[in-house]
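The values are calculated or read from the model by the stated rules, or taken from the named source; none is laboratory data. Please read these numbers as outputs of a predicted model, since none were measured by experiment. Glycine gets a Cβ as well: all are built from the backbone with ideal geometry, and neighbour counts include every protein chain shown. Each accessible area value is taken on the protein alone, full model and side chains, heavy atoms only, with ligands, DNA and RNA left out. Shrake-Rupley method; radii C 1.70, N 1.55, O 1.52, S 1.80 Å.
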Amino acid sequence: MTIAHPSETDAREVIPHGDPFALFTQWYDEARETEPNDSNAMALATATPDGQPSVRMVLLKGYDTSGFVFYTNGHSRKGQEIAANPQVALLFHWKSLRRQIRIEGTLSPVSEAEAEAYFHSRARDSQLGAVASDQSAPLDSRETFLARYEDVRVRFEGGEVERPAHWGGWRVRPQAIEFWHDRPYRLHERRRFAHGPEGWASSLLYP
């Protein structure tokens, strides 16, 4: 078998210039068909005001041209960092498609109505767990958490679970969106979209 030299590989660009949200939708829809688990999983990076970073996986729960939405406990570590420093970054990695999307932006809270609607769309056990959990706080044993969960279950038995005031959603309003696509010989393709006064502009980046 003859292996092509890197200079002989396809020079066509697979990441087009244009609307980054339309491209995100195309890639996201394809990921939903190919990824075996949690195609909406994304890494969320936050930082304290003095620059100490932390990162964790969260789930994308909605998006449009105004931004990308996730939900969390405001008392958690990420919630506290978000409150102190609204600059964040997101990363989607779809291994089956050999693609990544990086998003940088600022956060703003979703409306109370949006938070209520999403909270009550969750499985009831998930709602109860959100009430029972002091997310990120020290826990002496799992039995303590399960006992709290049982107390919450009994408290709301037969009625609607009340959403905690500190549990809500955040929308990442993107300032930059970068698309990465695997190419042979690690000659990958990258295109970065940046938002400015005249809208979105993009350029290719060296891999």
Scattering profile of the chain at q = 0.08, 0.09, 0.10 Å⁻¹ [log10 I(q)/I(0), Debye over alpha-carbon scatterers] | -0.36, -0.45, -0.54
Sequence-distant or interchain residues sharing an amide H contact under 5 Å with GLY74, placed H: which?
-> TRP167, GLY168
From the backbone phi of region 108-118, what are the Karplus-calculated ³J(HN,Hα) couplings (6.51 cos²θ - 1.76 cosθ + 1.60, θ = phi - 60°) in whole Hz, Gly and Pro given as x?
-> 9, x, 6, 5, 4, 5, 5, 4, 4, 5, 5
Between 0 and 90°, nearest 10: helix 20-34 axis offset from the chain longest Cα axis | 70
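Can you give the calculated 222 nm mean residue ellipticity of the chain, where each DSSP H run of n ≥ 4 adds -39,500 (n - 2.57) and the sum is split over every residue, rounded to the nearest 500 deg cm²/dmol?
Numbers: 5 runs with 54 residues, N = 207.
My calculation for the chain gives -8000 deg cm²/dmol from helical runs alone.
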Which one of PHE193, PRO174, VAL161 is farthest out on the positive end of the charge dipole of region 154-207, using unit charges on Cβ (Lys, Arg +1; Asp, Glu -1) and the Cα centre as origin?
-> PHE193
If you roll a 1.4 Å probe over the chain with all protein chains in place, what percent of the accessible area is carbon or sulfur?
-> 51
Place a label point 7 angstrom from the Cα of GLN52 along the Cα-to-Cβ direction, then list the residues of region 124-142 whose backbone nitrogen is under 17 Å away.
-> 136-138
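Roughly how compact is region 72-180, stated as its Cα Rg over 2.2 N^0.38 Å to two decimals?
Working: Rg = 16.9 Å, N = 109, 2.2 N^0.38 = 13.1 Å.
Scaled against compact globular proteins, the figure is 1.29.
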Take the alpha-carbon centre of region 192-207, take the same for region 88-159, and report the distance between them in whole Å.
-> 33
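Provide the per residue accessible area, probe 1.4 Å, for the chain, rounded to a whole number of square angstrom.
On the way: 12190 Å² over 207 residues.
Spelled out: the 1.4 Å probe surface of the chain, per residue, equals 59 Å².
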In this structure, the FRET efficiency calculated for TYR206 and ASP38 from their beta-carbon separation, with R0 = 22 Å, to the nearest 0.05, is 0.10
